[in-house]
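Visitor: This is the structure I want to talk about, given as structure tokens.
The values are calculated or read from the model by the stated rules, or taken from the named source; none is laboratory data. Worth saying up front: this structure is predicted, and the values here are computed from it rather than measured. Cβ placement follows ideal geometry from the backbone for every residue including glycine, while neighbour counts extend to all protein chains displayed. Side chains are part of the model used for accessible areas, which takes the heavy atoms of the whole protein and leaves out ligands, DNA and RNA. Shrake-Rupley method; radii C 1.70, N 1.55, O 1.52, S 1.80 Å.
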Amino acid sequence: QDRSDELQERDVVRLLLEIGRKEMESAVPVAAYVLNEIRDVSINHMHLRLMIHEIESQMEAGNIPDHHYFLQHHDDELKRLAMEIISSPYVLSENWNKMHDIYIKMPSDNFISDVKSSIARFKMKKIMNMISENLKELNSAKGNAEEEIYFMNVHQRLSQWKQELGKDIGTVIVN
């Protein structure tokens, strides 16, 4: 669970580093959109949290930092992490189009969809973790009717959010 949380958090930081300066449909920079979408969600990995805080601070000063900012950073761990996040071992072959007449959208052409689906997957992962934690609390509250009702209400609300998010991302959610 911890590694998969980190992967989701890295993907959010990837959006900020790679396309944070691009604009969503509403002329809002991707960085502002992403930070607004995750503002109430905890980031568990400390260095990723530090990168996000640094991006927020820079934005408050009127800058939208990208990966170049972190590649020049004084903190070696943030520098290393930025390099890791933006480095991809995969390259899309141009032969799909040339030889097979199959047009594959490049990530830069598809960034709005990428942003929305990455944020939705990130939120879904966090909600699933919250549901798991809440169920543990519910089990430990057995015998205390007041606490049981509280945790059952929390579970109901989390399940509702999960359903709504599932509809948004086109995922069928089974309870």
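Visitor: Give region 65-74 a look and list any residue that's surrounded by 14 or more Cβ atoms within 10 Å (Cβ to Cβ) and under 15 Å from R14 (Cβ atoms), or say none.
Guide: Within region 65-74, P65, D66, H67, Y69, F70, L71 qualify.
Visitor: With respect to I19, is the statement that it is aliphatic (A, V, I, L, M) and farther than 17 Å from N110 by Cβ true?
Guide: So I19 does not fit the description; no.
Visitor: In addition: When you check L50 against the structure, is it surrounded by fewer than 17 Cβ atoms within 10 Å (Cβ to Cβ) and more than 16 Å from I119 (Cα to Cα), yes or no?
Guide: Taking the combined requirement at face value, the residue satisfies it.
Visitor: Looking only at region 116-153, filter to residues that are within 26 Å of the chain's Cα centre (by Cα) and of a type in the set (S, T, Y); which one of those is surrounded by the most Cβ atoms within 10 Å (Cβ to Cβ)?
Guide: S118
Visitor: Does region 64-73 contain any residue that is at pLDDT below 90, within 23 Å of the chain's Cα centre (by Cα) and assigned to a helix (DSSP H, G or I)?
Guide: Among the residues of region 64-73, not one is at pLDDT below 90, within 23 Å of the chain's Cα centre (by Cα) and assigned to a helix (DSSP H, G or I), which makes the answer no.
Visitor: List the number of the failed condition for W96; all other conditions in (1) modelled with pLDDT under 90; (2) under 17 Å from E9 (Cα atoms); (3) in a helix (DSSP H, G or I) hold.
Guide: All conditions pass for W96, except number (2).
Visitor: Which condition does I55 not pass, out of (1) more than 24 Å from I169 (Cα to Cα); (2) modelled with pLDDT under 95, if it passes all the others?
Guide: Every condition holds for I55 apart from (2).
Visitor: Being touching a Ser or Thr at 6+ places or on another chain (Cβ under 9 Å) and touching a residue at least 60 places away in the same chain (Cβ under 8 Å), is that true of even one residue in region 48-62?
Guide: no
Visitor: Follow-up. Could you tell me how many of the residues in region 1-41 are in a loop (DSSP other than H, G, I, E, B) and either open to solvent by less than 60 Å² (accessible area, probe 1.4 Å) or free of Cβ contacts under 8 Å to residues at least 40 places away in the same chain (or both)?
Guide: So the answer is 8.
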